[in-house]
1. Return a yes/no flag: does the range 354-369 have any residue that is surrounded by fewer than 22 Cβ atoms within 10 Å (Cβ to Cβ) and over 30 Å from Ile12 (Cα atoms).
2. Restricting attention to the range 39-68, report how many residues are farther than 23 Å from Leu85 by Cα and either in a loop (DSSP other than H, G, I, E, B) or open to solvent by less than 40 Å² (accessible area, probe 1.4 Å) (or both).
3. Only one of (1) touching an Asp or Glu at 6+ places or on another chain (Cβ under 9 Å); (2) within 21 Å of Val172 (Cα to Cα); (3) open to solvent by 30 Å² or more (accessible area, probe 1.4 Å) fails for Gly286. Which number is that?
4. Which condition number in (1) modelled with pLDDT under 90; (2) in a loop (DSSP other than H, G, I, E, B); (3) under 19 Å from Ala119 (Cβ atoms) is the one that Arg7 fails?
5. Go through (1) assigned to a loop (DSSP other than H, G, I, E, B); (2) among the hydrophobic types (A, V, I, L, M, F, W, C); (3) crowded, with 21+ Cβ neighbours inside 10 Å for Leu142 and report which single condition fails.
6. Against the definition (within 19 Å of Gly329 (Cβ to Cβ), part of a helix (DSSP H, G or I) and of a type in the set (Gly, Ala, Ser)), how does Ser277 come out, yes or no?
7. Only one of these conditions is not met by Glu221: (1) within 18 Å of the chain's Cα centre (by Cα); (2) of a type outside the set (Ser, Thr, Tyr); (3) not in a loop (DSSP other than H, G, I, E, B). Which number is it?
Amino acid sequence: MSKQDKRPLRVIISGGGTGGHIFPAVAIANALRRRNPRTEILFVGALGRMEMERVPAAGYKIVGLPVAGFDRRRLWRNVGVVLKLIKSVRLAGKVIRDFQPDIAVGVGGYASGPVLKKAQSKGIPTLLQEQNSYAGVTNKMLAKGARKICVAYEKMERFFPEESIVMTGNPVRAEIVGTDMDRATAIGRLGMDPSKPLILVVGGSLGARTINRSISRCLDELTSTGAQVLWQTGKLYIEECQAIAEGKKDVRATAFISDMAAAYRAADLVVSRAGASTISEIQLLGMPSVLVPSPNVAEDHQRKNAQALADREAAVMVLDAEAEEKLGGVVAELMNDSDKRKSLGENALAMALRDSDEKIIDCIYDIVRK
């Protein structure tokens with residue numbers, strides 16, 4: 001960390017929609033406050049999206065815009081979307097006039113488009129943070145006007161001006177990587193059996209239908225390896241999955257895992273979607289993983305994220321369409337091959353980019369000083 005700067009900055013951070021956008025945004029805000037506690041930070045998000053709850057819970061003020069994404073399948077519905085966009089651009093201008101930021105930071109998501117576009121039109125410098133290996137539409141649209149674009153993957157010059165790109169990695173939740181908890185402590189906190197290896201299955205706060213269906217079909221196959229399963233189902237699927245897990249002593253189904261730091265450190269293998277934040281956490285912790293990318297995301301970016309690791313033998317990828325048939329066998333095979341798990345974890349760790357939040361703050365200060 002460089003020396004704390006005397007002058008407090010005024011920073012707008014805009015974007016959201018998913019945890020993959022919100023976690024990095026909050027990590028950037030936290031790092032700004034560590035650098036200078038007097039930094040003034042205002043978030044701008046989309047009304048009705050999860051940032052409107054998560055950001056205030058993290059201790060920051062947020063303003064919501066009525067912006068929404070385009071419906072690419074039912075084009076006639078986009079008349080209302082355009083009207084919301086026009087209103088959001090106008091409101092974004094008012095937010096910028098009132099707050100007078102030194103810089104605007106975009107993390108992707110609906111709200112970052114009108115906010116950063118308006119900032120650029122007023123000569124306010126902007127920085128983009130792109131989490132994925134395949135750039136999002138909003139960030140691609142804003143790239144030419146951005147001073148710096150912070151990325152986590154190589155070959156991003158496919159999407160952005162090469163001279164603007166800075167390889168920083170993705171900021172992750174401090175509680176995930178900022179602990180030296182050992183496995184014994186972690187598995188004790190989770191209340192799992194310390195004598196058995198642990199398969200950690202995570203599908204996000206809402207859950208992942210395909211992962212849940214696949215796991216429900218192969219629980220006996222997984223526990224036959226001698227492993228226990230901590231199955232985070234998401235709140236939409238908890239009743240169904242708990243009924244399936246009932247009576248299986250080595251399986252625990254739960255809607256949500258509040259202590260993910262312990263869950264990661266207790267796990268011998270992670271089964272997960274391939275969101276950018278999850279992948280960054282897996283890399284930083286050197287976790288062996290089986291990634292089942294969601295097909296229901298823009299530009300199929302989760303598959304490209306997972307492929308980037310699979311190409312380096314840093315994870316095993318199982319496509320969503322093949323998961324119900326193949327996932328159980330892949331996971332069981334890995335649980336019976338500790339050398340392969342070790343190799344996957346070491347290769348994931350080799351891809352990790354550390355201190356990403358501090359590198360991004362360095363970029364922010366560099367832009368403002370110039």
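1. Filtering the range 354-369 for residues surrounded by fewer than 22 Cβ atoms within 10 Å (Cβ to Cβ) gives 354-355, 358-359, 362-363, 365-369.
After this cut, where a residue has to be over 30 Å from Ile12 (Cα atoms) as well, the list is none.
Looking through the range 354-369, none of the residues is surrounded by fewer than 22 Cβ atoms within 10 Å (Cβ to Cβ) and over 30 Å from Ile12 (Cα atoms).
2. 5
3. (3)
4. Single failed check for Arg7: (3).
5. (1)
6. Criteria not met by Ser277.
7. Evaluating Glu221 over (1) within 18 Å of the chain's Cα centre (by Cα); (2) of a type outside the set (Ser, Thr, Tyr); (3) not in a loop (DSSP other than H, G, I, E, B) leaves (1) as the failure.
Residue-by-condition table, conditions (1) over 16 Å from Ala262 (Cβ atoms); (2) open to solvent by less than 10 Å² (accessible area, probe 1.4 Å):
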position	(1), (2)
Glu162	yes, no
Ile165	yes, no
Pro171	yes, yes
Ile199	no, yes
Thr210	yes, no
Thr233	yes, yes
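The values are calculated or read from the model by the stated rules, or taken from the named source; none is laboratory data. Just so you know, these numbers come straight off a predicted model, no measurement behind them. With ideal geometry, Cβ positions are generated from the backbone for all residues, glycine too; neighbour counts draw on all protein chains shown. Side chains are part of the model used for accessible areas, which takes the heavy atoms of the whole protein and leaves out ligands, DNA and RNA. Shrake-Rupley method; radii C 1.70, N 1.55, O 1.52, S 1.80 Å.
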